[in-house]
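Asker: Dumping the structure here so I can ask a few things about it.
The values are calculated or read from the model by the stated rules, or taken from the named source; none is laboratory data. In this text the structure is predicted, and so the values were computed from the model without any measurement. Neighbour counts are summed over all protein chains in view; Cβ atoms, including those assigned to glycine, are modelled from backbone coordinates with ideal geometry.
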Amino acid sequence: MNDTRNACCPSGNSSDLPVLQFVLRNYHNFNARSTRDALIAYWRLLEQGGKMFWAVAGAMSSAQLGISIAPAIRAGLIHGMSLTGANLEESLFRLVAHKHYKDIPEYRYLRKEDDTRLLNERLRRVTDTTIPEDEAFRAVEQIILPMWKEATASGTRRFWHEYFYEVIQAIPSSLYEGDPEECWLLAAAKANLPIVVPGHEDSTFGNIFASYVQTGECNASIVKSGIEYMTSLYSIYPKLSEGAGVGFFQIGGGIAGDFPICVVPSIIYDLEKEAKPWSYFCQISDSTTSYGSYSGATPNEKITWDKLTEETPMFVIESDATIVAPLILSALMECKANPEAANALIARYGD
């Protein structure tokens, strides 16, 4: 009998795409099915020449999602991002202070006394890991403060992420503790990726900046506002949505997702100009999306706001993004590297 197991992959074999094959072979129902379908639709949009915009809430940088996101940016799988100020700065922290982080696998069983001990050790806990105060916050502060003071003296105004783009590219590699190939902020800065950071004031460095404004050492006006971030999206979105359009891939809820997705109805109803709806929507959240939930509205509701249409591929994956997002990105990296074999596998297992 002839072995036809790899006949579907003319330019390679299934062993070249182990993650994609695993998802296609095993993920058939419930959240697994949503993950599988979201992955295929993501790939189909990219194949058509479309782009993908990511919205990232939570503490994904502390959870080291940069291991997956950084190569995805370099591979052209991510074309713009919206992030909390925490995710922005924590990617930088992981690069300069990684060896000083302390993981707490048993965090569910910590007592108040245990967290007090971490406080006294100047470790700031984020679920099961900790950010070192001195090696992360204070070390970066010494680098960014002169930039803020120089901008204050010259009257220069920049977006919040632009300061971090400058900082991360100014740090000498001799100071790296983390792997630069796994730092998504560094990859984004090198690519000059379009980024918005709505509500950046709600972050550690937002607080630090506010303290220097209070003492008079820095002027608050050197950081462009959230309103200006939205006006920048007015220019960014039409470019991203050219051709096959741009999709919206969301992790978590809150302002990181709510802010940028509104650019479409704002262009249509406020600027009274034409704008394509988002060409794809996927949200990964471990909180059920309904009834004004913090995790956000269900995709159908977005139709009524002219953000999506009834033809838009829509997916909700109720799971942990630290598990699902790396799986999807790893499979997409395989598709990007070997598109013919990927399409053959998808055809074999059913699209």
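Matching residues to (1) surrounded by fewer than 17 Cβ atoms within 10 Å (Cβ to Cβ); (2) in a helix (DSSP H, G or I):
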residue	(1), (2)
Asn207	yes, yes
Ala210	yes, yes
Gly216	yes, no
Glu242	yes, no
Gln250	no, no
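Asker: With the structure loaded, tell me whether Arg108 is farther than 30 Å from Val263 by Cβ, in contact with a strand residue (DSSP E or B) (Cβ under 7 Å, 6 or more places away or on another chain) and either among the basic types (Lys, Arg) or buried (at least 18 other Cβ atoms within 10 Å of the Cβ) (or both) or whether it fails that test.
Answerer: Numbers: farther than 30 Å from Val263 by Cβ: yes; in contact with a strand residue (DSSP E or B) (Cβ under 7 Å, 6 or more places away or on another chain): no; either among the basic types (Lys, Arg) or buried (at least 18 other Cβ atoms within 10 Å of the Cβ) (or both): yes.
No: the conditions fail for Arg108.
Asker: Look at the stretch 58-87 and say how many of its residues are in contact with a strand residue (DSSP E or B) (Cβ under 6 Å, 6 or more places away or on another chain), in a loop (DSSP other than H, G, I, E, B) and within 19 Å of Ile261 (Cα to Cα).
Answerer: Count: 2.
Asker: Right, Ile255: under 30 Å from Thr298 (Cβ atoms) and modelled with pLDDT of 95 or more or not?
Answerer: On the way: under 30 Å from Thr298 (Cβ atoms): yes; modelled with pLDDT of 95 or more: no.
Against the criterion (under 30 Å from Thr298 (Cβ atoms) and modelled with pLDDT of 95 or more), Ile255 does not qualify.
Asker: Looking at the stretch 43-53, is at least one residue touching a helix residue (DSSP H, G or I) at 6+ places or on another chain (Cβ under 8 Å), at pLDDT 95 or above and over 27 Å from Lys276 (Cβ atoms)? Spell out how you get there, then give the answer.
Answerer: We begin by selecting, within the stretch 43-53, every residue touching a helix residue (DSSP H, G or I) at 6+ places or on another chain (Cβ under 8 Å); these are 43, 46-47, 51-53.
Right, trim to at pLDDT 95 or above and you get 43, 46-47, 51-53.
Then keep just the ones that are over 27 Å from Lys276 (Cβ atoms); that gives none.
No.
Asker: Looking at the structure I just gave you, is Ile267 surrounded by fewer than 22 Cβ atoms within 10 Å (Cβ to Cβ), without any contact (Cβ under 8 Å) to a residue 40 or more places away in the chain and either outside any loop (DSSP other than H, G, I, E, B) or out of contact with any Leu (no Cβ under 6 Å at 6 or more places or on another chain) (or both)?
Answerer: Numbers: surrounded by fewer than 22 Cβ atoms within 10 Å (Cβ to Cβ): yes; without any contact (Cβ under 8 Å) to a residue 40 or more places away in the chain: yes; either outside any loop (DSSP other than H, G, I, E, B) or out of contact with any Leu (no Cβ under 6 Å at 6 or more places or on another chain) (or both): yes.
Considered against the rule, which asks whether it is surrounded by fewer than 22 Cβ atoms within 10 Å (Cβ to Cβ), without any contact (Cβ under 8 Å) to a residue 40 or more places away in the chain and either outside any loop (DSSP other than H, G, I, E, B) or out of contact with any Leu (no Cβ under 6 Å at 6 or more places or on another chain) (or both), Ile267 comes out as yes.
Asker: Of all residues in the stretch 127-154, which are without any contact (Cβ under 8 Å) to a residue 40 or more places away in the chain and outside any helix (DSSP H, G or I)?
Answerer: Once the filter is applied, which keeps residues that are without any contact (Cβ under 8 Å) to a residue 40 or more places away in the chain and outside any helix (DSSP H, G or I), the stretch 127-154 yields Asp128, Thr130, Pro132.
Asker: If I ask for residues that are assigned to a helix (DSSP H, G or I) and either surrounded by fewer than 18 Cβ atoms within 10 Å (Cβ to Cβ) or touching a residue at least 60 places away in the same chain (Cβ under 8 Å) (or both), which ones from the stretch 163-174 would you list? It would help to see each step written out before you state the result.
Answerer: Filtering the stretch 163-174 down to residues assigned to a helix (DSSP H, G or I) leaves 163-170, 173-174.
If the condition is that a residue be assigned to a helix (DSSP H, G or I) and either surrounded by fewer than 18 Cβ atoms within 10 Å (Cβ to Cβ) or touching a residue at least 60 places away in the same chain (Cβ under 8 Å) (or both), then Tyr163, Phe164, Glu166, Val167, Ile168, Gln169, Ala170, Ser173, Ser174 are the ones that fit.
Asker: Met314 versus (1) farther than 17 Å from Gln21 by Cβ; (2) modelled with pLDDT under 95: which is the lone unmet condition?
Answerer: Just one mismatch for Met314, condition (2).
Asker: Applying the selection to the stretch 88-102, what residues are free of Cβ contacts under 8 Å to residues at least 60 places away in the same chain and either over 30 Å from Pro198 (Cβ atoms) or assigned to a strand (DSSP E or B) (or both)?
Answerer: Result: Lys102, single match.
Asker: Something else about it: Tell me, yes or no, whether the stretch 130-150 has at least one residue that is more than 27 Å from Val223 (Cα to Cα) and surrounded by 15 or more Cβ atoms within 10 Å (Cβ to Cβ).
Answerer: Initially, the stretch 130-150 is screened for residues more than 27 Å from Val223 (Cα to Cα), giving 130.
Adding the requirement that they be surrounded by 15 or more Cβ atoms within 10 Å (Cβ to Cβ) leaves 130.
Yes, the stretch 130-150 has at least one match.
Asker: Looking at (1) modelled with pLDDT of 95 or more; (2) surrounded by fewer than 23 Cβ atoms within 10 Å (Cβ to Cβ), which one does Asp351 not meet, given that it meets all the others?
Answerer: (1)
Asker: Then there is this: In contact (Cβ under 8 Å) with a residue 24 or more places away in the chain, surrounded by fewer than 21 Cβ atoms within 10 Å (Cβ to Cβ) and in contact with a Lys or Arg (Cβ under 6 Å, 6 or more places away or on another chain): is that true of Glu177 in this structure? Outline the logic, then answer.
Answerer: On the way: in contact (Cβ under 8 Å) with a residue 24 or more places away in the chain: yes; surrounded by fewer than 21 Cβ atoms within 10 Å (Cβ to Cβ): yes; in contact with a Lys or Arg (Cβ under 6 Å, 6 or more places away or on another chain): yes.
Criteria met by Glu177.
Asker: Which condition number does Arg122 fail, the rest of (1) at pLDDT 95 or above; (2) surrounded by 14 or more Cβ atoms within 10 Å (Cβ to Cβ); (3) at negative phi being met?
Answerer: (3)
Asker: Can you tell me which residue within the stretch 252-262, out of those that are in a loop (DSSP other than H, G, I, E, B) and on the phi < 0 side of the Ramachandran plot, is surrounded by the most Cβ atoms within 10 Å (Cβ to Cβ)?
Answerer: Applying the first criterion (in a loop (DSSP other than H, G, I, E, B)) to the stretch 252-262 yields 252-254, 262.
Keeping just the survivors that are on the phi < 0 side of the Ramachandran plot gives 253, 262.
Working: Gly253: 20, Cys262: 16.
Here the residue is Gly253.
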